[in-house]
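See below for the structure under consideration.
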Amino acid sequence: MQDRDEGSGTVHGLTLAAVLCTLLLALLLVAQAGIATHRAAKAADLAALAAADVARGLRAGIPCETAEAVARENGADGAECAVVAPENTSVDVTATIDLPPPLTPLGPARGASRAGPPPGEP
């Protein structure tokens, strides 16, 4: 006579392994999206700082062109820029980084930053 539960430990072990692999994959995908968002924020910060220097006249150039170039140099796939009143010395930059497959349907990772002169300075 055979026991009906014989071999069920193997099935449970394989099921547990499959669940753990799925959870690990989900964790890696979330981490990958987080890293892309961090990279986009870094690119936006650096681009906004560089563009604000141009807007204030500390460097030569056009603020939004500078922002786009600096964002791309720091890994962004694109950047949007707007010079902000008053005095047109502050700059808003939004940088985007495309997520790799299978995260592509979620859209790009975005980072936004504003830079300008310290309070009280022109």
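The values are calculated or read from the model by the stated rules, or taken from the named source; none is laboratory data. Since we're looking at a predicted model, the values are computed, not measured. Cβ placement follows ideal geometry from the backbone for every residue including glycine, while neighbour counts extend to all protein chains displayed.
General observations
- The one condition from (1) surrounded by fewer than 19 Cβ atoms within 10 Å (Cβ to Cβ); (2) over 15 Å from the mean Cα position of the chain (by Cα) that residue 63 does not meet is (1).
- Filter pass, residue 56 being surrounded by 16 or more Cβ atoms within 10 Å (Cβ to Cβ) and at pLDDT below 95: yes
- Residue pairs whose Cβ atoms lie under 8 Å apart, separated by 6 or more positions or on different chains, with the first residue in segment 1-27 and of a type in the set (A, V, I, L, M, F, W, C) and the second in a helix (DSSP H, G or I) and exposed (fewer than 10 other Cβ atoms within 10 Å of the Cβ), do not occur.
Per-residue answers, yes or no, for (1) under 15 Å from the mean Cα position of the chain (by Cα); (2) closer than 24 Å to residue 70 by Cβ; (3) surrounded by 10 or more Cβ atoms within 10 Å (Cβ to Cβ):
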{"position": "4", "(1), (2), (3)": "no, no, no"}
{"position": "17", "(1), (2), (3)": "no, no, yes"}
{"position": "20", "(1), (2), (3)": "no, no, yes"}
{"position": "24", "(1), (2), (3)": "no, no, yes"}
{"position": "29", "(1), (2), (3)": "yes, no, yes"}
{"position": "40", "(1), (2), (3)": "yes, yes, yes"}
